[in-house]
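> I have a structure here, written as structure tokens, and I will follow up with some questions on it.
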Amino acid sequence: MSERATSTGKAGMNLTLKIWRQNGAADRGQMVTYQVDDVSPDMSFLEMLDVLNERLTLEGADPVAFDHDCREGICGMCGMVINGVAHGEQRATTTCQLHMRHFRDGDTITIEPWRAAPFPVVKDLVVDRSAFDRIIQAGGFISVPAGSAPDAHAVPVPKADADAAFDAATCIGCGACVAACPNGSASLFTAAKITHLGLLPQGQPERASRAKAMVEQMDAEGFGGCTNTGECTAVCPKGIPLDAIARMNADYLKTAGK
Amino acid sequence: MTLSWTVGEPIQDTKAPSGPIEERWDTRRFQAKLVNPANKRKMTVIVVGTGLAGGSAAATLGELGYKVKSFCYQDSPRRAHSIAAQGGINAAKNYRGDGDSVYRLFYDTVKGGDFRARESNVYRLAQVSVNIIDQAVAQGVPFAREYGGLLDTRSFGGAQVSRTFYARGQTGQQLLLGAYQALERQIAAGTVEMHTRHEMLELIVSGGRARGVVIRDLATGEIETHLADAVVLATGGYGNVFFLSTNAKGCNTSAIWRAHRKGAMFANPCYTQIHPTCIPVSGEYQSKLTLMSESLRNDGRVWVPLKKGDDRTPADIPEDERDYYLERIYPAFGNLVPRDIASRAAKNVCDEGRGVGPGGLGVYLDFADAIGRLGRDAVEAKYGNLFEMYERITGENPYETPMRIYPAVHYTMGGLWVDYDLQSTIPGLFVIGEANFSDHGANRLGASALMQGLADGYFVLPTTIGDYLAGSKGFGDVDQADVEAAQAAVTSKIEKLLAVDGTRTADSFHRELGRLMWDYCGMERTDASLRKALERIPELREEFWNNVKVPGDGEGLNQALERAGRVADFFDLAELMCLDALHRTESCGGHFRAESQDEDGEALRDDEHFAYVAAWEWGEDGPILHKEQLEYEYVKMTQRSYK
């Protein structure tokens with residue numbers, strides 16, 4: 001067994017939480033301090049917040065709003081900045097997969113929403129990420145109506161290309177990349193889709209128009225530009241590599257003037 | 001017993017064409033009336049839910065030119081829980097030349113469903129499966145490939161052919177993103193109007209037809225009405241009635257339950273699938289369970305200590321004091337027996353006191369042999385992401401110590417009754433994906449959920465709904481009184497929930513209901529346990545309506561209010577599940593009645609009395625049972641044996 005805590009090895013922890021509370025986009029918002037005691041190291045971070053919310057509800061207070069759904073790290077719905085890091089300090093982990101054994105008794109934890117102008121706060125830790133959907137609408141697809149496809153083996157795809165496309169395709173659209181970027185850029189998200197589809201033979205006919213339309217939509221949404229700080233890939237729960245952005249830029253530049 | 005029920009007229013016509021089974025879907029497609037392209041633009045179809053079924057249906061209907069309105073409760077259609085499916089998708093491509101065929105997939109699915117599915121539907125599913133793979137590949141879904149560039153497949157969940165296409169452990173995610181992208185393309189094209197963070201709370205039935213939905217905008221709290229020519233429910237399964245399940249937290253039964261209350265029959269509600277390989281519960285605060293793909297059983301060996309209460313660490317238990325019970329009881333299939341069998345076997349050894357981990361509710365899944373045989377690198381290449389996920393959740397390293405697993409609720413085969421056209425008993429209400437009852441019978445085979453969701457959404461519904469709409473020549477105006485009644489029902493339920501102001505949270509009631517369902521209507525059911533549940537559920541429901549505390553108000557985002565509304569519907573569904581389980585005194589598939597087992601403890605079907613679909617109609621004086629007799633012309637009914 002590792003030295004890490006388990007349910008039998010470590011008693012409950014007492015924690016101080018400083019959580020961003022904001023009642024709608026028009027509200028200024030503020031940090032509010034809560035004490036949560038007897039937290040089990042085997043709890044997930046969101047289960048710890050569940051415990052707080054159950055208590056707030058019974059006290060007649062307003063529970064903390066946060067987005068979440070699958071709680072197994074794949075739907076991309078959860079996301080909060082924990083102690084200044086999108087999804088917390090554990091690498092390649094969504095907030096729902098972060099467990100309390102990575103914290104210590106007596107810790108103070110700050111919890112904030114994604115902060116970026118194109119992601120307005122809906123309430124507390126919930127933000128509106130519909131800008132991501134609009135970037136996909138601009139061109140993040142291959143145009144193939146149902147029923148029109150040729151046999152799946154008609155076009156072989158070299159395994160290396162298929163694997164690289166897969167790596168980019170694992171993006172869960174959580175928005176951590178935007179939250180971590182000092183410029184509030186959505187380049188890693190946009191580049192991941194451009195890379196996924198651009199590496200496959202099926203994606204070639206629309207490759208140039210796709211890159212152009214998606215990049216322009218990204219800019220229109222008000223996301224910042226990329227200055228290669230790499231903060232995005234450091235917090236990405238799926239480890240989308242930074243070189244995707246180089247591919248995006250290359251594809252986009254080919255369309256310049258067209 | 002508190003809930004009384006009656007038997008109504010049997011269901012005679014499922015609208016499946018007659019003739020050879022190979023030709024039935026072609027026959028139906030040819031007979032289906034077509035809608036003039038100019039008229040499609042004038043017809044509105046509502047699709048609720050954006051998973052594999054709903055996402056693919058909305059996209060395809062948009063491509064065909066209908067005016068589509070799509071709704072999901074999440075912040076984006078890409079979040080739907082299909083995204084979490086790990087293992088793969090079956091298709092009868094026979095790319096391996098290993099003896100697979102449409103007929104064999106049909107046969108395996110009927111048999112795997114323990115002879116409680118409709119032959120015509122299952123055959124169509126197997127036929128369409130090959131088109132799904134073509135469609136997905138053309139969309140850019142990055143399935144696993146061989147070095148030659150062709151698609152890789154694997155054998156999955158007890159199948160003896162290699163027909164499962166996969167994208168590492170994230171097949172659901174990649175297929176859903178394919179459907180999502182097709183959907184976004186139609187949104188951009190203006191054929192689909194998308195409403196995210198919107199939850200359906202009521203169905204509008206007018207003139208005997210489904211004509212719209214009442215929706216709550218979860219961000220603003222506003223109650224909206226949307227009218228249409230047809231309504232499609234693709235709202236998934238109801239496994240969260242157990243509180244702890246592998247479903248996403250938001251998965252709920254409200255859409256299909258409201259439709260049931262409005263006249264749609266609910267079929268086989270007691271058929272639930274318990275998945276054998278999930279991470280065990282670690283404490284009282286547990287909010288959900290996480291599945292570990294059953295592909296792990298291809299290389300992992302399942303065992304428990306021979307002795308009861310053996311609390312040594314697994315490494316200290318010598319080989320001859322271990323019981324590899326699946327290999328012992330089922331020598332032919334070993335660790336690859338179907339899900340229901342593996343789950344019940346795990347329960348049995350834990351009930352004997354041989355379980356491992358907290359509370360003795362776990363069994364080992366051991367990769368030591370596989371690592372010895374294939375090397376650590378090969379095991380990592382196959383299962384790396386799953387091992388990582390396990391370690392993240394449990395803090396234990398599965399390369400060094402065996403995983404602990406335990407069964408958990410995973411899928412519900414029951415759902416709204418539909419005919420061959422996927423239309424419910426309310427004209428104009430279509431139900432697709434896990435939300436309907438069709439195709440899987442009493443037990444779903446691994447890698448068949450993705451297949452069914454996409455078959456329904458891309459290929460079946462777009463054809464059959466056209467036949468309904470073409471026949472309509474316009475359904476006329478919706479009666480305003482019907483709209484107002486539906487709106488009033490929604491508003492009054494919300495007001496009622498907020499007004500109770502009691503001393504327990506909705507979650508605490510949900511947990512108690514879930515525990516009750518797991519204990520009395522879970523992996524093993526008895527007459528006594530079900531009667532107990534049927535006594536306890538109404539009491540708990542009454543306490544809920546007298547003592548729940550929902551904070552805040554109906555304005556704006558109120559997640560506690562959303563949950564409370566869902567729990568209220570789960571109570572009613574739970575009651576029908578227990579009643580269905582009580583009336584079906586045989587064991588079949590995922591439904592195991594302790595009174596109906598053979599001398600070896602295996603499930604014993606009673607084909608003479610129960611070879612039917614139990615379709616329940618809502619009635620003020622209790623549910624009314626309508627039986628749809630199942631006929632097996634092609635696959636001979638046999639007792640399943642995996643020994």
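> By how many degrees, between 0 and 90 and to the nearest 10, does the Cα long axis of helix B:480-500 differ from the longest principal axis of chain B?
Rounded to the nearest ten degrees, it is 50.
> Using only Cα atoms, tell me the angle between helix B:506-521 and the longest principal axis of chain B; keep it within 0 to 90° and round to the nearest 10.
Once rounded, one gets 60 degrees.
> May I ask which residue of B:Ala408, B:Gln170, B:Ala614 lies farthest towards the positive end of the charge dipole of chain B, with charges of +1 (Lys, Arg) and -1 (Asp, Glu) on Cβ and the Cα centre as origin?
B:Gln170
> Sequence gap of 8 or more, or different chains, plus Cα separation below 22 Å: how many lysine pairs satisfy both in chain A?
Taking the Cα cut-off of 22 Å, the pair count is 9.
> Further question on the same structure: Given B:Thr109, B:Ala91, B:Asn121, which one lies farthest toward the positive end of the charge dipole of segment B:61-163, if we put +1 on the Cβ of every Lys and Arg and -1 on the Cβ of every Asp and Glu?
Of B:Thr109, B:Ala91, B:Asn121, it is B:Asn121.
> Still on this model: Would you mind giving the mean number of other chain beta-carbons within 10 Å of the Cβ of each residue in B:129-135, as a whole number? Walk me through the numbers on the way to the answer.
Numbers: counts 0, 2, 5, 3, 4, 9, 7.
Mean partner shielding for this stretch: 4.
> Dipole of segment B:359-437, Cα-centred, from +1 at each Lys and Arg C-beta and -1 at each Asp and Glu C-beta, to the nearest 20 debye? Spell out each step's value before the answer.
Numbers: 5 positive and 11 negative charges, 20 e Å.
I would put it at about 100 debye.
> A further question on this structure: Considering only DSSP beta bridges with both partners in the protein assembly as shown, what is the antiparallel share in %, to the nearest 5? Numbers along the way, then the final one.
On the way: 60 of 87 bridges.
Close to 70 percent.
> Quick one: angle between helix B:171-189 and the longest Cα principal axis of chain B, in degrees between 0 and 90, rounded to 10, please.
The two axes meet at around 20 degrees.
> Counting only DSSP beta bridges with both residues in segment A:13-121, tell me the antiparallel percent, nearest 5. Could the numbers behind the result be given before it?
Working: 13 of 17 bridges.
The answer is about 75 percent antiparallel.
> B:Ala489 to B:Arg312: FRET efficiency via 1/(1 + (r/R0)^6), r the Cβ-Cβ distance, R0 45 Å, to the nearest 0.05?
Working: r = 58 Å, r/R0 = 1.30.
Step by step, r from the Cβ atoms, then E = 0.15.
> Enter the per residue convex hull volume of chain B, computed from alpha-carbon coordinates, in Å³ rounded to the nearest integer.
Working: hull volume 97.3 nm³, N = 643.
Taking only Cα atoms, chain B has a hull volume of 151 Å³ per residue.
> Further question on the same structure: Name the lysines eligible as straight-distance cross-link partners of B:Lys636: C-alpha to C-alpha under 28 Å, and not fewer than 8 places from it in the same chain.
Leaving aside lysines fewer than 8 places away in the same chain, those within reach of B:Lys636 are B:Lys15, B:Lys93, B:Lys111, B:Lys627.
> Hey, fewest Cβ within 10 Å first, where do B:Glu284, B:Glu628, B:Glu199 land in order? Mind showing how you got there, number by number?
Details: B:Glu284 9, B:Glu628 19, B:Glu199 23.
The order, fewest Cβ neighbours first, is B:Glu284, B:Glu628, B:Glu199.
> Just grab the label-to-label distance for B:Arg373 and A:Thr227, each label 7 Å out from Cα along the Cβ direction, in nm (one decimal).
Placing both labels 7 Å beyond Cα along the Cβ direction yields 5.6 nm.
> For segment B:247-320, what relative contact order do you get, as a whole percent, if you take Cα pairs closer than 8 Å and at least 6 residues apart? Mind dumping the intermediate values first?
On the way: 23 pairs, mean separation 18.6, N = 74.
The normalised contact order for segment B:247-320 reaches 25 percent.
> Work out the FRET efficiency for B:Asp519 and B:Asp98 from their Cβ-Cβ distance, taking R0 = 35 Å, and round it to the nearest 0.05. It would help to have the intermediate numbers written out before the result.
On the way: r = 43 Å, r/R0 = 1.22.
So, using R0 = 35 Å, E works out to roughly 0.25.
> Same structure again: Using the Cα centre of chain A as origin and beta-carbon charges of +1 (Lys, Arg) and -1 (Asp, Glu), tell me which of A:Ala117, A:Thr255, A:Ile194 is placed farthest towards the positive end of the dipole.
The residue sitting most towards the positive pole is A:Thr255.
> So what is the relative contact order of segment B:276-408, in percent, for Cα pairs below 8 Å that sit 6 or more residues apart? Write out the running numbers ahead of the final one.
Numbers: 194 pairs, mean separation 45.2, N = 133.
Result for segment B:276-408 is 34 percent.
> Roughly how crowded by other chains is peptide A:152-161, in terms of the mean Cβ count from those chains within 10 Å of each of its Cβ atoms?
Working: counts 17, 8, 3, 3, 6, 8, 4, 8, 3, 3.
Counting other chains' Cβ atoms within 10 Å and averaging over A:152-161 gives 6.
> Something else now. If the cut-off is a Cα-Cα distance under 14 Å, which aspartates and glutamates reach B:Lys347, setting aside same-chain residues fewer than 8 apart in sequence?
B:Asp519, B:Glu524, B:Glu602
> Could you give the length gained by full extension between B:Ala481 and B:Thr225, i.e. 0.36 nm per residue of separation minus their alpha carbon distance, to one decimal place? Mind showing how you got there, number by number?
Values: separation 256, 0.36 × 256 = 92.16 nm, distance 1.29 nm.
Working it through step by step, the gained length comes to 90.9 nm.
> Could I ask something else about it? Please work out the FRET efficiency for the pair A:Thr108 and A:Asn183, using the Cβ-Cβ distance as r and a Förster radius of 30 Å; give the result to the nearest 0.05.
Details: r = 29 Å, r/R0 = 0.96.
Working from the Cβ atoms, E equals 0.55.
> Averaged across the residues of B:169-176, what count of C-beta atoms belonging to other chains lies within 10 Å of each residue's C-beta? Provide the component values of the computation, followed by the final result.
On the way: counts 1, 6, 0, 1, 8, 4, 0, 2.
The mean count of partner-chain Cβ atoms within 10 Å per residue comes to 3.
> If you put +1 on each Lys and Arg Cβ and -1 on each Asp and Glu Cβ, how big is the dipole of the protein assembly as shown around its Cα centre, in Debye rounded to 20? Display every interim value, and only then the final one.
Values: 94 positive and 119 negative charges, 418 e Å.
I would put it at about 2000 debye.
> Taking θ = phi - 60°, what integer Hz values does the Karplus form 6.51 cos²θ - 1.76 cosθ + 1.60 yield along segment B:417-425, in sequence order, with x for Gly and Pro?
5, 9, 8, 4, 7, 6, 9, 7, 7
We did not get these values from a lab; they are worked out from the coordinates using the rules stated. Bear in mind the structure is a predicted one, so any value in this text is a computation, not a measurement. Positions of Cβ are backbone-derived with ideal geometry, glycine not excepted, and every protein chain shown enters the neighbour counts.
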